[in-house]
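Undergrad: Got a structure for you, written out below as structure tokens; questions coming shortly.
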Amino acid sequence: MEKYIIEKIELPLIYAQKMKNVKSLNRPEWIEDGEVIGPFFTSVEASKHFGLNYAAAGNSINSGKVYNGYKFFTNGTKEITFKEPNVMGAKQEKMLLRATNKNPHDEESLLYNMEVCGFENISIVKFNGVKSIMQVDCCNVECDEKVINRNYNQLVQNTTLMVPRCDKCKKMYKAYTNGRPKKSECAM
């Protein structure tokens with residue numbers, strides 16, 4: 001059994017540049033007025049950085065127009081690697097310790113199960129059996145943040161819902177999955 005599922009995604013790098021409106025003979029034109037700012041991984045992140053509507057950067061990239069004095073554009077991509085715990089593999093191989101009414105989970109059994117599944121730097125914030133609150137590392141290889149306030153149940157039992165990602169990595173992954181065609185569209 002593989003301990004991790006490796007998923008690599010490519011995100012476009014979003015940049016912004018301040019533009020200045022200059023009057024010419026026929027009509028006003030926009031010229032560059034400042035350094036290029038960026039990169040940003042999501043259009044929402046870029047828009048928030050400048051205090052604009054959350055859709056401003058996305059609309060500007062798609063139309064090529066200037067929005068509130070800023071022009072947004074993409075230049076290059078960045079590959080991000082997620083090392084996701086293989087919870088399903090550990091369950092299929094029956095490697096997890098089970099709890100019963102007579103023999104409930106203790107701290108050691110929870111930590112063992114999390115380690116077998118592939119979670120890294122595990123600590124228990126508050127112990128309460130399977131409802132214990134756990135703290136683990138983000139599954140992004142380049143990210144150093146901790147993912148906190150997740151129940152053991154959410155991390156180990158709901159395998160598809162709770163891959164440990166910090167807030168920033170969740171937004172990047174969501175931006176990536178929103179840009180991909182849905183499985184139903186691929187089948188057609």
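Undergrad: Please compare each pair in Lys8/Lys65; Lys91/Lys131; Lys20/Lys48; Lys94/Lys168; Lys126/Lys171 to a cut-off of 30 Å on the Cα-Cα distance and tell me which ones are over it.
TA: Working: Lys8/Lys65 32 Å; Lys91/Lys131 19 Å; Lys20/Lys48 20 Å; Lys94/Lys168 33 Å; Lys126/Lys171 27 Å.
Distance filter (> 30 Å) returns Lys8/Lys65; Lys94/Lys168.
Undergrad: Taking the chain as a Gaussian network, Cα atoms linked when under 10 Å apart, which of Gln92, Gln157, Gln135 shows the biggest mean-square fluctuation?
TA: It is Gln92.
Undergrad: Let me ask you something else. How long is the gain from Asn178 to Met88 if the chain were fully straight, where each residue apart is worth 0.36 nm and the alpha carbon distance is subtracted? The partial results should precede the final answer.
TA: Numbers: separation 90, 0.36 × 90 = 32.40 nm, distance 2.45 nm.
29.9 nm is the gain from fully extending Asn178 to Met88.
Undergrad: Any idea how far apart Glu79 and Lys8 come out in nm if each label point goes 7 Å out from Cα toward Cβ?
TA: About 0.3 nm separates the two model spin labels.
Undergrad: I would also like to ask the following. Using 0.36 nm times the number of residues separating Val141 and Thr100, minus their current alpha carbon distance, what extension gain do you get?
TA: On the way: separation 41, 0.36 × 41 = 14.76 nm, distance 3.56 nm.
Length gained between Val141 and Thr100: 11.2 nm.
Undergrad: Once each part is reduced to its C-alpha centroid, what is the distance from segment 1-63 to segment 82-151 in angstrom?
TA: Comparing the Cα centres of segment 1-63 and segment 82-151, I get a distance of 38 Å.
Undergrad: While we're here: Using a basic spin-label model with each label point 7 Å from the Cα along Cα→Cβ, how many nm lie between Ile37 and Val66?
TA: Placing both labels 7 Å beyond Cα along the Cβ direction yields 1.5 nm.
Coordinate-derived values only; no laboratory data. Note that the coordinates shown come from a computational prediction; the quantities given were computed from them, not determined experimentally. All Cβ positions, glycine included, derive from the backbone under ideal geometry; neighbour counts span all protein chains shown.
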